[in-house]
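Report on the following structure.
Just so you know, all these numbers are worked out from the coordinates, no wet-lab data involved. Please read these numbers as outputs of a predicted model, since none were measured by experiment. Here the Cβ is made from the backbone with ideal geometry for all residues, glycine too, and neighbour counts use every protein chain on show.
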Amino acid sequence: MIEWPARIELAQLPTPITKLERFSQRFKDTTIWVKRDELTGTEVSGNKIRKLEFCIAEAKSQACDTLITCGGIQSNHCRATAVLGARLGMKVHLILRGEEPDVPEGNLLMDYLCGAKISYLSQAQWSSHEALAKKLQDDCVSGGGKAFFIPVGASDEVGLWGYIKASEELNQDFLGLQMEPEYIVTATGSGGTQAGLIVGTQLLGMKSQVVAFNVSDDAAYFDKKIREDVTLWKQRYNQEFDVEKMKVKTVEGYLGPGYGVAGPEIFDTIAELASSEGIFLDPVYTGKAFHGMVSELQKGDEGQLSRAKNVVFIHTGGLFGVFPQQHNFRFD
Ligand SMILES: Cc1ncc(COP(=O)(O)O)c(C=O)c1O
């Protein structure tokens, strides 16, 4: 039995799991399923809300009235925090990496609409973002309030619970469908979704292997980060868990030019899935991971997803990140 910490129910759960009827036809032996976590809500959609259910519960238990978090200009996590802050009557201060644009679009537009305060740090200044967060926390105390800091992507020992809980939901999905996929595939950016799925599937004794496609750092980074976060989680929540036994599998090769920058094949993949199934991926996270998954499946036994009868792709959201990159789509 898993003993869950405090959680606030914010996401629309359970999310559906959809079989890709038409898209899967290109594979002889494999069926692709999508766990529709882009449907955890409308304004607060995607994977971050599952983690924030635990992080914000923790903030509330510490009597905080303000949330401080950080990420890229088009961070889905920052947008989710801004919307939830507005919804729960909490103040939100975001520290964003990059220059302030003349016109805010996509996620950033939503941050402003939700009334979040925003500080911009250039790439060169980014290493000081946690020091700035600390200063903002101190300023908050001077003003009679209390601020809770959530790290990039809510990927820490608290946010980890989000995808442990999601694994429980997946387990129910698989029981209902009477299938146990060989692989559960996700994009990995700050590591928390991947980490939660690995811990959750291991705790629940599920046979599916978690395979992540990196959209930022390399496989060695995720291996280290996940083992550190899981060790902290184990200590903080007094969990019996074998960190050594964890299989952290991160497949490299699909990052493209860099974080947030995608090649034409990613935009083509987004258009292909939209037109064949009516499901929208994004160019920063899910488009790259989905493209990586399809490419590995096409390699058959030589690929990283060999002998897959059923593969479940976790759709982690990101739709609002499509619009700032709309000029990259090609229509014949
Ligand atoms: C849409 C989307 N998918 C995937 C990820 C990656 O999740 P994680 O940060 O937990 O690795 C993120 C956030 O970074 C995201 O916004």
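Rounded to whole Å, give me the distance from the Cα center of region 266-308 to that of region 72-127.
Centre-to-centre distance over Cα atoms comes out at 29 Å.
Loop only per DSSP, at most 15 neighbouring Cβ atoms within 10 Å: give me the GluC sites (Glu not before Pro) in region 205-285, ordered by residue number.
Here the GluC sites (Glu not before Pro) that fit, given the DSSP loop and packing criteria, are Glu240, Glu244, Glu252.
Pairwise over distinct Cα atoms, reciprocal of the mean inverse distance: report the Kirkwood radius of region 257-332 in Å, one decimal place.
13.1
In sequence order, what are the phi-derived ³J(HN,Hα) couplings for region 196-209 according to the Karplus relation 6.51 cos²θ - 1.76 cosθ + 1.60 with θ = phi - 60°, rounded to whole Hz, with x for glycine and proline?
x, 5, 5, 5, x, 5, 5, 4, 8, x, 7, 7, 4, 9
If you take the Cα atoms of region 48-154, find Rg, then find the Kirkwood Rh from the mean of 1/r over all pairs, what is Rg/Rh?
0.94
Hey, can you rank 134-143, 291-300, 151-160, 94-103 by average C-beta count inside 10 Å, highest first?
151-160, 291-300, 94-103, 134-143
Checking the cross-link filter: which aspartates and glutamates have an alpha carbon closer than 13 Å to that of Lys225, excluding same-chain neighbours under 8 positions apart?
Asp156, Glu157, Asp217
Determine the relative contact order of region 194-298: mean sequence separation of Cα pairs under 8 Å and six or more apart, normalised by residue count, in whole percent. Intermediate results must be reported in sequence, preceding the final value.
On the way: 110 pairs, mean separation 30.6, N = 105.
About 29 percent, as a whole number.
How do Phe213, Phe149, Phe27, Phe331 line up, fewest other C-beta atoms within 10 Å first?
In order of increasing Cβ crowding within 10 Å: Phe331, Phe27, Phe149, Phe213.
Of the cross-linked pairs Lys48/Lys249; Lys19/Lys224; Lys146/Lys234; Lys28/Lys224; Lys19/Lys207; Lys134/Lys249, which ones have a Cα-Cα span greater than 30 Å in the structure shown? Please report the intermediate quantities before stating the final value.
Numbers: Lys48/Lys249 21 Å; Lys19/Lys224 34 Å; Lys146/Lys234 27 Å; Lys28/Lys224 36 Å; Lys19/Lys207 20 Å; Lys134/Lys249 34 Å.
Result: Lys19/Lys224; Lys28/Lys224; Lys134/Lys249 exceed 30 Å.
Trypsin sites (Lys or Arg not before Pro), restricted to region 144-235: which are DSSP loop and have at most 14 other Cβ atoms within 10 Å?
Sparse-neighbourhood loop trypsin sites (Lys or Arg not before Pro): Lys146, Lys207.
Can you show me the helix-derived [θ] at 222 nm for the chain, built from DSSP H runs with n ≥ 4 at -39,500 (n - 2.57) apiece and divided by the number of residues, rounded to the nearest 500.
Roughly -12000 deg cm²/dmol at 222 nm, from the helical runs in the chain.
Between Gln62 and Lys309, what length comes free when the chain is fully extended (0.36 nm per residue of separation minus the Cα-Cα distance, one decimal in nm)?
84.3 nm
From the backbone phi of region 255-261, what are the Karplus-calculated ³J(HN,Hα) couplings (6.51 cos²θ - 1.76 cosθ + 1.60, θ = phi - 60°) in whole Hz, Gly and Pro given as x?
With coefficients 6.51, -1.76 and 1.60, one gets 5, x, x, x, 4, x, 10 Hz.
Limiting things to C-alpha atoms, what are the Rg and the maximum Cα-Cα separation (Dmax) for region 117-244, in angstroms?
Looking at region 117-244, its Cα Rg and Dmax stand at 17.5, 56 Å.
Quote to one decimal, in nm, the extra length available between Tyr221 and Lys19 on full extension: 0.36 nm per residue of separation minus the C-alpha distance between them. Don't skip to the end; give the middle numbers.
Working: separation 202, 0.36 × 202 = 72.72 nm, distance 3.23 nm.
Fully extending the segment from Tyr221 to Lys19 adds 69.5 nm.
Find out how many positive minus negative residues lie around Leu109, taking Lys and Arg as positive, Asp and Glu as negative, among other residues whose Cβ is under 14 Å from that of Leu109.
Overall, the nearby charge balance is -4.
I need the semi-axes of the equivalent ellipsoid of the chain: take the C-alpha gyration tensor, multiply each eigenvalue by 5, square-root it, list largest first in whole angstrom.
That gives 31, 24, 17 Å for the three semi-axes.
Please report the relative contact order for the chain, taking Cα pairs under 8 Å with a sequence separation of at least 6, and give it as a percent rounded to a whole number.
20
Output the relative contact order of region 48-154, whole-number percent, from Cα pairs under 8 angstrom with separation of 6+ residues.
Relative contact order for region 48-154 comes out at 37 percent.
Quick one: length gained pulling Leu175 to Tyr237 fully straight, 0.36 nm per residue minus the C-alpha distance?
On the way: separation 62, 0.36 × 62 = 22.32 nm, distance 2.83 nm.
Taking 0.36 nm per residue and subtracting the Cα distance, the gain is 19.5 nm.
Could you work out how far helix 129-142 tilts from the main Cα principal axis of the chain, as a 0 to 90 degree angle to the nearest 10?
The two axes meet at around 40 degrees.
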